[in-house]
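The values are calculated or read from the model by the stated rules, or taken from the named source; none is laboratory data. Just so it is clear, the structure is predicted and the values come from calculations on it, not from any experiment. Every residue, glycine as well, gets a Cβ built from its backbone with ideal geometry; the counts of neighbours run over all protein chains shown.
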Amino acid sequence: MNDDKAHLTREQLEYNRTLLLVLMQISRDITGHTQSLQNVWLLAKPSQKFPKYVSRFKKEDKKGFSKESASSLIEASRTYDAKSSELLDTLVEEIEQLKNSLNDECHDHHLSDELREKMGQFSDVTQTAVLIRLLLQDEGIVLPYVKFSIPAELIGEHVESVLEASKTLKNRVIMIAIKVASDITQLLGLEAVSSKQQKQLEAMRHAIELAATSYKKSGDIRELFSSIESLSIESANNSPGSKPVENRKPEESQIGGSENTKKKPSNFFQKLTIWLNSGWKKKWKDIM
């Protein structure tokens with residue numbers, strides 16, 4: 001009976017951890033898209049007066065636009081304004097579809113490589129478009145605001161929709177992070193582990209809970225993402241005088257060597273350690 005409970009708990013932990021990693025990645029992408037939409041608002045702003053924070057775009061000028069002449073900048077502005085408008089047209093519908101799919105409780109959420117690439121381009125293009133206008137303003141040249149093909153009110157609705165999706169994702173990520181911590185504690189109670197291993201698992205659970213609380217307060221998901229991706233505890237087989245197992249990437253550890261060097265983990269604790277440190281696509285049964 002205890003073995004059945006342990007099996008069910010491991011399955012639940014796998015499900016929640018997989019779902020958490022996927023949703024955190026989507027949350028980071030959505031947050032980045034929100035910044036891109038803020039750039040769109042600046043481009044469409046009739047006064048073309050930009051807030052102070054955009055001055056950092058000058059420090060991030062990797063394309064060297066700060067060295068270009070005014071005439072070159074004006075020409076580049078036309079190009080980047082057009083690219084911004086084109087990407088906005090395609091992304092509005094695709095992001096709305098993604099937002100709607102998040103209402104599905106199924107954990108098989110993901111951003112396609114194509115959509116993620118478009119979002120990355122959109123971020124780069126819109127920021128560059130704002131940067132160019134900022135550099136021209138330094139030269140006393142204020143370009144007319146961009147008239148996007150999508151009406152301003154629809155852009156506003158899209159912004160609100162994305163912000164709502166971001167808020168929903170945040171709440172869901174926090175909830176599932178707490179579930180992962182609870183799963184670890186529950187599993188710990190069903191498995192025979194040493195006091196040292198128990199302390200390590202408790203520390204793991206505590207780190208996740210702290211990161212979730214921090215994310216709830218600050219909105220910065222990096223700490224939580226890091227605590228889930230970089231879970232690391234020593235091997236259960238370390239003797240008192242031996243060196244601890246190095247925190248290596250999965251492909252460099254027991255589960256990722258050559259066919260001749262791969263070794264199956266010998267007990268549950270080792271399996272849990274390897275699985276928690278593996279990518280989100282790694283299933284529990286792959287470790288068995």
> Can you pull out the residues in the range 1-60 that are surrounded by fewer than 16 Cβ atoms within 10 Å (Cβ to Cβ) and among the β-branched types (Val, Ile, Thr)?
Replying inline: THR34
> Does any residue of the range 48-62 turn out to be part of a loop (DSSP other than H, G, I, E, B), under 25 Å from LYS170 (Cβ atoms) and not acidic (Asp, Glu)?
Replying inline: yes
> Within the range 67-85, can you find the residues that are assigned to a helix (DSSP H, G or I) and either surrounded by fewer than 14 Cβ atoms within 10 Å (Cβ to Cβ) or of a type in the set (Lys, Arg) (or both)?
Replying inline: LYS67, ALA70, SER71, SER72, GLU75, ARG78, THR79, ALA82, LYS83
>> Please go through (1) hydrophobic (A, V, I, L, M, F, W, C); (2) surrounded by 14 or more Cβ atoms within 10 Å (Cβ to Cβ); (3) modelled with pLDDT of 50 or more for ALA203 and return the number of the only condition it doesn't satisfy.
In response: (2)
>> So SER149 ticks every box in (1) surrounded by 13 or more Cβ atoms within 10 Å (Cβ to Cβ); (2) touching a residue at least 60 places away in the same chain (Cβ under 8 Å) but one. Which box is left unticked?
In response: (1)
> Which residues, taken from the range 114-126, are surrounded by fewer than 20 Cβ atoms within 10 Å (Cβ to Cβ) and either among the hydroxyl-bearing types (Ser, Thr, Tyr) or more than 14 Å from THR90 (Cα to Cα) (or both)?
Replying inline: SER123, ASP124
>> Being on the phi < 0 side of the Ramachandran plot, over 20 Å from the mean Cα position of the chain (by Cα) and without any contact (Cβ under 8 Å) to a residue 40 or more places away in the chain is the filter here; which residues of the range 118-143 pass it?
In response: ASP138
